[in-house]
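Single-structure report; data block below.
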Amino acid sequence: MRTLLHIDASPRSERSVSRHLTREFAVAWKEAHPDGRIVYRDLGHHPVPLVTETFIAAVYTPPEARSPELRAAIATSDELISELQTATDYVFGVPMYNFSVPAGFKAYIDQIVIPGRTYAYTSDGSGSRTGLLKGKRATVIMSRGWLYRNGSPLSACNLQEPWIRMILGFVGVTEMDFVAAEGVAQLDGSNGEREQYLRPIRDHVRLKAKLRLAML
Ligand SMILES: Cc1cc2nc3c(=O)[nH]c(=O)nc-3n(C[C@H](O)[C@H](O)[C@H](O)COP(=O)(O)O)c2cc1C
């Protein structure tokens, strides 16, 4: 069954630009797949645990040899990976924080990049790795306070998009689409200005969702 995994990483609620846009994407996706299922995970309001020593021990202990304590330590990771395996499509809403991603999104990535589960060493003995999340389509919607487009003095400081691109690629995702809502800091906070800012990006996201679906 077509399944969309919808993840928000902003700790903000109604004021969040990335949440607003992932919601638009999810609505367009559902219109195209009335029978499809949407699984939602809110990292911004319900963060996942940080890596602990027990978690690391669990990762490197074969499942059948894990104690109840180790099993408990890896339970969230298992659940998150199962969501990624089951879904056919992903939409991630990720703000830029300090030129990278919010800690809550990094904590999520630390839970799901697991040897033998989302990546594996190749059998040719070369030490190369291959991602195991094959055949997935990811749309990443990023929000940023300032401007990073080509030519901007800040363009070299954008460690958000390249890092997300790299880490999704590492776990095997090859089909990725990125949308950036930039310059959010320029909004004066009035509803009218916010609506004027959001309208074209929202249309762009809807179009992206529809074009992407039409291409399949
Ligand atoms: C802790 C924090 C750090 C931020 N760091 C940056 C930054 O480095 N560069 C930037 O352009 N915007 C930065 N911003 C602005 C956010 O990227 C912007 O407000 C974005 O819209 C947040 O996403 P949201 O609207 O979905 O919550 C930061 C905001 C916060 C709260």
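The values are calculated or read from the model by the stated rules, or taken from the named source; none is laboratory data. Being a predicted model, the structure only gives us computed values, none of them experimental. Reconstructed Cβ throughout: ideal geometry from the backbone, glycine too, with neighbour counts over all protein chains shown.
Looking only at residues in region 114-164 that are assigned to a loop (DSSP other than H, G, I, E, B) and of a type in the set (D, E, K, R), which one is farthest from the chain's Cα centre (by Cα)?
Asp124
Looking at (1) in contact with a Leu (Cβ under 6 Å, 6 or more places away or on another chain); (2) under 25 Å from Pro200 (Cβ atoms), which is the only condition Thr61 fails?
Only one criterion is unmet by Thr61, namely (2).
For (1) within 23 Å of Asp8 (Cα to Cα); (2) loosely packed, with under 15 Cβ neighbours inside 10 Å; (3) touching a helix residue (DSSP H, G or I) at 6+ places or on another chain (Cβ under 6 Å); (4) not hydrophobic (A, V, I, L, M, F, W, C), each residue gets a yes or a no:
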{"position": "Val113", "(1), (2), (3), (4)": "yes, no, no, no"}
{"position": "Asp124", "(1), (2), (3), (4)": "no, yes, no, yes"}
{"position": "Gly127", "(1), (2), (3), (4)": "no, yes, no, yes"}
{"position": "Lys136", "(1), (2), (3), (4)": "yes, no, no, yes"}
{"position": "Tyr148", "(1), (2), (3), (4)": "yes, no, yes, yes"}
{"position": "Glu161", "(1), (2), (3), (4)": "yes, no, no, yes"}
{"position": "Ala180", "(1), (2), (3), (4)": "yes, no, no, no"}
{"position": "Ser190", "(1), (2), (3), (4)": "no, yes, no, yes"}
{"position": "Tyr197", "(1), (2), (3), (4)": "yes, no, no, yes"}
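Name every residue in region 9-36 that is touching a residue at least 24 places away in the same chain (Cβ under 8 Å), more than 16 Å from the ligand (Cβ to nearest atom) and in a loop (DSSP other than H, G, I, E, B), in order of residue number.
His33, Asp35, Gly36
Go through region 37-113 and tell me which helices (runs of 4 or more DSSP H), entirely inside it, have 2 or more residues that are small (Gly, Ala, Ser), more than 16 Å from the ligand (Cβ to nearest atom) and farther than 24 Å from Ile164 by Cβ.
The helices (runs of 4 or more DSSP H) meeting that bar are 53-59, 68-86.
Taking only pairs six or more apart or across chains, which ones have beta-carbon atoms under 8 Å, a first residue in region 200-211 that is free of Cβ contacts under 8 Å to residues at least 12 places away in the same chain, and a second residue that is assigned to a helix (DSSP H, G or I) and surrounded by fewer than 18 Cβ atoms within 10 Å (Cβ to Cβ)?
As it stands, the answer is none, since no pair meets every condition given.
Please work out which one of (1) closer than 25 Å to Ile112 by Cβ; (2) touching a Lys or Arg at 6+ places or on another chain (Cβ under 7 Å) is the condition Leu168 fails and give its number.
So the condition that Leu168 fails would be (2).
Regarding Ile167, is this residue touching a helix residue (DSSP H, G or I) at 6+ places or on another chain (Cβ under 9 Å), outside any strand (DSSP E or B), modelled with pLDDT of 95 or more and under 18 Å from Ile7 (Cα atoms)?
Yes; evaluated as a whole, the condition is true for this residue.
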